[in-house]
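What follows draws every value from the coordinates through simple rules; no lab data is involved. Only a predicted model underlies this, so the values are computations on that prediction, with no experimental measurement involved. Note that we place each Cβ from the backbone using ideal geometry, even for glycine, and neighbour counts take in every protein chain shown.
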Amino acid sequence: MSGYKETARQESCFRPGSTLCPGCMESVAFQNIGRVTDNGVKTIFTIGTSCAEVSTLAFPNVVAWGRGDDSPDDFAKSFSILHNVFESAPTLAEATRDVADQLTSIGALDRKIQVISASGDGGAFSIGLRTLLHTIHRRARVTIVVLVNEIFANTGFQYSPATMPFADTSTTPAEGTPGNLNPPLDYIHLAIAAGAGMVAQLSPAHGKMFVKAIERSLEVEGTAVIFIPAPCISGWKFEDGQTVELALLGARSGVFPAFTWERGKGGTVKDCPQDASERPNITEFLGEQRRFGHLVGKDKVTGEVKVKPGQEENMEKLTAWVQSNVDRMYSLAAMK
Ligand SMILES: Cc1ncc(C[n+]2csc(CCOP(=O)(O)OP(=O)(O)O)c2C)c(N)n1
Ligand code: SF4
């Protein structure tokens, strides 16, 4: 494993020119993953339809992937990207791994490759849940990355199975109802139960931890799954420049705690105490996003976030959900 500073100096696979919203967490994630994978091993990336795909692979216009400006002569520097349908990035990664392993077994490929898939949470947890779980279940030696922005962003900010309770989305509008009424799918538990070798929930806001988790994901036995909480400027409705702040607040307040886990070793929850009094109040996280504007309001002068009149009961339910989420992460961390 290389040092953090060393990794930061490596060459990313993600180049300028994408049409992702400025400050989108997905581009920060790709920058980091790009640097970690510049490790002397050829990288093959599979990517399903999502913001991350339509905004970076607009051939013949911008293609925001590749290392350096020229086509690399060096096999290990070369970076291949395969786009396929919305739901099947993990399956395509598994197929790529299988083909590489077969070529190696007949002597036609004598160098290593590393395979990574990227999907949005809509692609991975709704239409693509089957492909995600079966690739994990077959212990394919790939890293699966899911960019969890809690919505189908690319097609108009619809609810996804990862949407947190009470969020206003285009299909769970806070009109007549207080936004989304369903708690999210327990996707971390599902990945563990399906047989993953490693599972993490981390964003680049936890810089060093994130980089180390991606590095480790390329080494472990079986399938590694990294869920990346990805605050979405347009869908969560916050101001430019707040992406990292919101990713940290969301993690520290207990909405998506920083978590790493390995089969046989167990896991850890970091930077998010189980005792609510030691965490930032959830209202700090909510108050920065207009998708919760029906629940809380921020005083423009004092900056104080207050629960809106009539929303006290919903706030209590949301606070209870956050605590159950943190407790669940601690129980998953205790599993081996
Ligand atoms: C089978 C199929 N159904 C629907 C679509 C339309 N579609 C393209 S991207 C997308 C939403 C992607 O959402 P998500 O996976 O969460 O990624 P995000 O855009 O949020 O990054 C949808 C519904 C499609 N391309 N293929
Ligand atoms: S809509 Fe959201 S996820 Fe999509 S590019 Fe913009 S910030 Fe990123």
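Contact map, the range 1-22: first residue touching a residue at least 60 places away in the same chain (Cβ under 8 Å), second residue among the charged types (D, E, K, R), Cβ cut-off under 6 Å, separation 6 or more or different chains; pairs are Met1/Glu215; Tyr4/Lys208; Thr7/Arg35; Glu11/Asp38; Glu11/Arg67; Cys13/Arg67.
Please work out which residue is farthest from Cys13 (Cα to Cα), limiting yourself to the range 75-115 and to residues that are touching a Leu at 6+ places or on another chain (Cβ under 8 Å) and not in a helix (DSSP H, G or I). So that I can check it myself, show each step before the final result.
So in the range 75-115, the residues touching a Leu at 6+ places or on another chain (Cβ under 8 Å) come out as 81-84, 90, 92, 96, 100, 103, 109, 114.
The next check asks that each one be not in a helix (DSSP H, G or I); those that pass are 81-84, 109, 114.
Values: Ile81: 10, Leu82: 14, His83: 16, Asn84: 19, Leu109: 23, Gln114: 14 Å.
Looking at residues that are touching a Leu at 6+ places or on another chain (Cβ under 8 Å) and not in a helix (DSSP H, G or I), I get Leu109.
If you take the residues of the range 222-244 that are part of a loop (DSSP other than H, G, I, E, B) and not acidic (Asp, Glu), which of them is farthest from ligand 1 (Cβ to nearest atom)? For the range 222-244, the residue satisfying everything is Gly222. When every residue of the range 190-207 is checked against the conditions, at least one turns out to be in contact with a helix residue (DSSP H, G or I) (Cβ under 6 Å, 6 or more places away or on another chain), farther than 30 Å from Ser78 by Cα, hydrophobic (A, V, I, L, M, F, W, C) and touching a residue at least 60 places away in the same chain (Cβ under 8 Å).
Restricting attention to the range 109-130 and to residues that are surrounded by fewer than 24 Cβ atoms within 10 Å (Cβ to Cβ) and within 30 Å of Lys77 (Cβ to Cβ), the residue that is farthest from ligand 2 (Cβ to nearest atom) turns out to be Asp110. Against the numbered list (1) free of Cβ contacts under 8 Å to residues at least 24 places away in the same chain; (2) surrounded by 16 or more Cβ atoms within 10 Å (Cβ to Cβ), Thr171 comes up short only at (2). For Arg141, which of the numbered conditions (1) basic (Lys, Arg); (2) in contact with a Gly (Cβ under 8 Å, 6 or more places away or on another chain); (3) in a helix (DSSP H, G or I) fails to hold? Every condition holds for Arg141 apart from (3). When the range 198-221 is filtered for residues that are in a loop (DSSP other than H, G, I, E, B) and either closer than 18 Å to Val41 by Cβ or hydrophobic (A, V, I, L, M, F, W, C) (or both), the ones remaining, listed by number, are Leu202, Ala205, Leu218, Glu219, Val220, Glu221. Here the condition is being surrounded by 15 or more Cβ atoms within 10 Å (Cβ to Cβ), within 16 Å of ligand 1 (Cβ to nearest atom), in contact (Cβ under 8 Å) with a residue 24 or more places away in the chain and closer than 18 Å to His206 by Cα; of Val36, Val28, it holds for Val28 alone. For the range 56-75, a tally of residues being crowded, with 20+ Cβ neighbours inside 10 Å and either without any contact (Cβ under 8 Å) to a residue 40 or more places away in the chain or of a type in the set (Val, Ile, Thr) (or both) returns 1.
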